[in-house]
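Heads up, the thing below is written out as structure tokens.
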Amino acid sequence: MSKKSNSSRRDFISNTIKGGLALGFGLSAVSPLTSCAAVKNIPVAVKTGFDQQPLPYAYNALENAIDAMTMEIHYSKHAAGYAKNVKEAAAAEAVDMTKPLEDVLAKISNYSAKMRNNAGGHYNHEMFWQCMRPKTDDNKPTGKLMEAITAQFTSFEYFKKQFGDAAKTRFGSGWAWLYINKNKKLTIGSTPNQDNPLMDLSDIKGFPVLAIDVWEHAYYLKYQNKRAEYVDNWWQLVNWDYVETRFNSLA
Ligand SMILES: [Fe+2]
């Protein structure tokens with residue numbers, strides 16, 4: 001991945017956040033998250049488009065926890081497939097692809113199963129790539145995010161245990177999330193298949209700030225059936241700067 005691509009992505013994230021804030025998406029400037037699906041009321045500052053964005057690192061950059069072949073297949077086959085298929089579904093269902101994908105997720109119950117699976121799959125993976133970076137030592141959040149995690153979960157270590165448990169115990173294929181719920185509290189949960197907390201039909205609802213993919217395609221080549229080992233190793237890859245960016249976009 002070139003420095004230019006990384007720079008472009010950073011610019012994109014920065015600009016979308018600024019755009020969100022400019023539109024009044026800052027938490028203090030909007031109505032509270034509502035208990036109904038109401039994803040439309042969630043101040044989404046980090047928007048997602050319909051096109052697959054460049055991976056922000058090389059396939060082998062995460063080798064400490066995820067092997068290069070897994071990354072290549074995951075990004076170029078699985079995730080690329082979701083990106084292709086969500087655009088097919090959008091074209092068939094008259095979705096305006098110039099608008100953020102979040103608009104579709106907020107009303108996903110109105111669309112087809114193909115849209116649900118692929119809009120979710122595309123959004124989740126676009127976020128997942130950003131939630132990771134090459135290994136850093138003593139990897140942990142800072143600032144207001146760390147304060148919020150400590151306040152909500154007692155300690156960073158206990159938060160990791162709870163989040164890890166959600167990831168390890170999600171039955172079958174799915175995702176574990178750290179998200180901001182309707183009461184503006186950090187919450188841990190998981191979803192099946194390619195569902196996510198932005199979907200109006202999801203059991204858990206809110207704005208996601210951290211995601212881990214626990215589909216077998218995310219880890220099976222290296223870990224086989226040992227999902228727990230994948231989850232435990234994954235912590236060294238978490239891009240807390242990105243997670244903080246998402247968190248702070250609502251703060
Ligand atoms: Fe995946």
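Filter region 199-245 down to the residues that are in contact with a strand residue (DSSP E or B) (Cβ under 8 Å, 6 or more places away or on another chain) and among the polar types (S, T, N, Q) and list them by number. Correct list: 202, 239.
The lone criterion from (1) within 14 Å of the ligand (Cβ to nearest atom); (2) buried (at least 22 other Cβ atoms within 10 Å of the Cβ); (3) over 13 Å from the mean Cα position of the chain (by Cα) left unmet by residue 249 is number (1). Taking strands (runs of 3 or more DSSP E) that fall entirely within region 145-214, which contain at least 3 residues that are modelled with pLDDT of 95 or more and open to solvent by 10 Å² or more (accessible area, probe 1.4 Å)? In region 145-214, 186-192 are the strands (runs of 3 or more DSSP E) which contain 3 or more residues that are modelled with pLDDT of 95 or more and open to solvent by 10 Å² or more (accessible area, probe 1.4 Å).
Applying the selection to region 224-244, what residues are out of contact with any Pro (no Cβ under 7 Å at 6 or more places or on another chain), surrounded by fewer than 20 Cβ atoms within 10 Å (Cβ to Cβ) and over 14 Å from residue 164 (Cβ atoms)? Matches in region 224-244: 224, 225, 239, 241. Summed over region 198-223, residues that are in contact with an Asp or Glu (Cβ under 9 Å, 6 or more places away or on another chain) and under 24 Å from residue 81 (Cβ atoms) total 7. At least 1 residues being among the polar types (S, T, N, Q) and either touching a residue at least 24 places away in the same chain (Cβ under 8 Å) or open to solvent by 20 Å² or more (accessible area, probe 1.4 Å) (or both) is the threshold, and among the helices (runs of 4 or more DSSP H) wholly inside region 66-134 those reaching it are 68-73, 80-92, 113-130.
Do the conditions hold for residue 93, that is, is it at pLDDT 95 or above, more than 16 Å from the ligand (Cβ to nearest atom) and among the charged types (D, E, K, R)? Yes; evaluated as a whole, the condition is true for this residue. Taken together, the residues in region 50-104 that are more than 22 Å from residue 197 (Cα to Cα) and of a type in the set (Gly, Ala, Ser) amount to 8. Set side by side, the residues 148, 167 differ, and just one is touching a residue at least 24 places away in the same chain (Cβ under 8 Å), of a type outside the set (Ser, Thr, Tyr) and under 25 Å from residue 57 (Cβ atoms), which is 167.
The values are calculated or read from the model by the stated rules, or taken from the named source; none is laboratory data. What you are looking at is a predicted structure, and each value in this text was computed from that prediction instead of being measured. FYI the Cβ positions are ideal-geometry reconstructions off the backbone, even for glycines, and counts take in every protein chain you see. For accessibility, only protein heavy atoms count, side chains too; no ligands or nucleic acids. Shrake-Rupley method; radii C 1.70, N 1.55, O 1.52, S 1.80 Å.
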